[in-house]
Amino acid sequence: MKKTLETFEKGCAGIVANVSKKHTAAAARLVISELEKNGFSWKLEEMTARHIDRPNEGTPMPELANSITWLIVIGGDGTILQAAREIVEHHIPLLGINPGRSFGFMADTLIDEVSDTLKSIKNLEFDIIKRSTLKAEFYSSANERKILPFALNDVTFTHGAEARLISLNVNVNDELLSTYSADGLIFATATGSTAHSMSAGGPILYPSVDAIALTPICPHTLSNRPIILPHDCKIEVFLNKINCDVLVITDGQVTEKMKPNDRVIISSSDYKAHFIHLKRHSFASILRKKLKWTGDLKNGSEE
């Protein structure tokens, strides 16, 4: 508790916003105002500072990560994913703020809740949730190794320029699980289970669940269903079809092209992404709201 108290009372908050969206500038200014009202010190990321017309107050992200104790990210899930990847090695808690125009699941606070959220943080009325990440190691046919950026959401295998079925062998702990002929495969963390994997029919996992969800995308064989794999297993994916382009994508943002006899080893990463979670927000309530789970098909009532 003492460490947590010092992190927020005596530490410094970093602020980063999605600078491609005009409305995030007003949100960033509001965050600064509320931080100051609650006695928190703060620093702006370089591009964010320019975005709100304070260019001389910005700090490059690598330098910022070394000088703050927690980070506020203003934007949707894509912005949060990018920021989390840049600070994960520093074990910095992250607070996501949804400026009001995003469907994302990772932003714990809406823009009109900023004042109450910062008061709750000041009073230590929150939890730190550690979210699992995935490591992907790419091995070429010549056995050259490349470590891909860690994935907080998912590692996806999909077809390249030619939109046709791809064929992939999947081994789990050195034993063949299945050969998948499909539009692609998604290996998702609990965090990523509400993203691409959910759209493809995969299961939803609570953020605290330490497991890997394997979801085939439009499989040719209907018996190939989603499966939950243990977090400590080793997964190997081999390209099975010779004349086929396959892309390996981590968190929808980083791409590597797979060639025949290439393979990718997927495992749980040693790093955890630390998220600030307000106690007034439960995952169940977030699911009901985001997915409109009403329980009544006639009038939309939750009763």
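Laid out as a table, the results:
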quantity: Filter result (within 25 Å of Gln82 (Cβ to Cβ) and touching a residue at least 40 places away in the same chain (Cβ under 8 Å)) within the range 179-193; calculated: Leu185, Phe187, Thr189, Ala190, Thr191, Gly192
quantity: Single match in Leu134, Leu176 (criterion: without any contact (Cβ under 8 Å) to a residue 24 or more places away in the chain and assigned to a strand (DSSP E or B)); calculated: Leu176
quantity: Options Ser141, Ser178: the member that is loosely packed, with under 14 Cβ neighbours inside 10 Å, small (Gly, Ala, Ser) and farther than 26 Å from Thr109 by Cβ; calculated: Ser141
quantity: Selection count where residues are in a loop (DSSP other than H, G, I, E, B), modelled with pLDDT under 80 and within 30 Å of Leu95 (Cα to Cα), scope the range 286-303; calculated: 3
quantity: From Phe157, Phe105, Phe126, Phe187, residue being over 20 Å from Thr7 (Cβ atoms) and touching a helix residue (DSSP H, G or I) at 6+ places or on another chain (Cβ under 7 Å); calculated: Phe105
quantity: Sole residue being β-branched (Val, Ile, Thr) and in contact with a helix residue (DSSP H, G or I) (Cβ under 9 Å, 6 or more places away or on another chain), chosen from Ile121, Ile166, Ile147; calculated: Ile121
quantity: Qualifying positions in the range 229-285 - in contact with a Pro (Cβ under 7 Å, 6 or more places away or on another chain), surrounded by fewer than 16 Cβ atoms within 10 Å (Cβ to Cβ) and modelled with pLDDT of 90 or more; calculated: none
quantity: Count of residues meeting criterion [polar (S, T, N, Q) and closer than 17 Å to Ala13 by Cα] in the range 51-65; calculated: 1
quantity: Qualifying residue in the range 158-167 (condition: of a type in the set (Ser, Thr, Tyr), more than 24 Å from the chain's Cα centre (by Cα), farther than 30 Å from Ser282 by Cα and surrounded by fewer than 23 Cβ atoms within 10 Å (Cβ to Cβ)); calculated: yes
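The values are calculated or read from the model by the stated rules, or taken from the named source; none is laboratory data. Please read these numbers as outputs of a predicted model, since none were measured by experiment. Note that each Cβ is placed from the backbone with ideal geometry, even for glycine, and that neighbours are counted across all protein chains shown.
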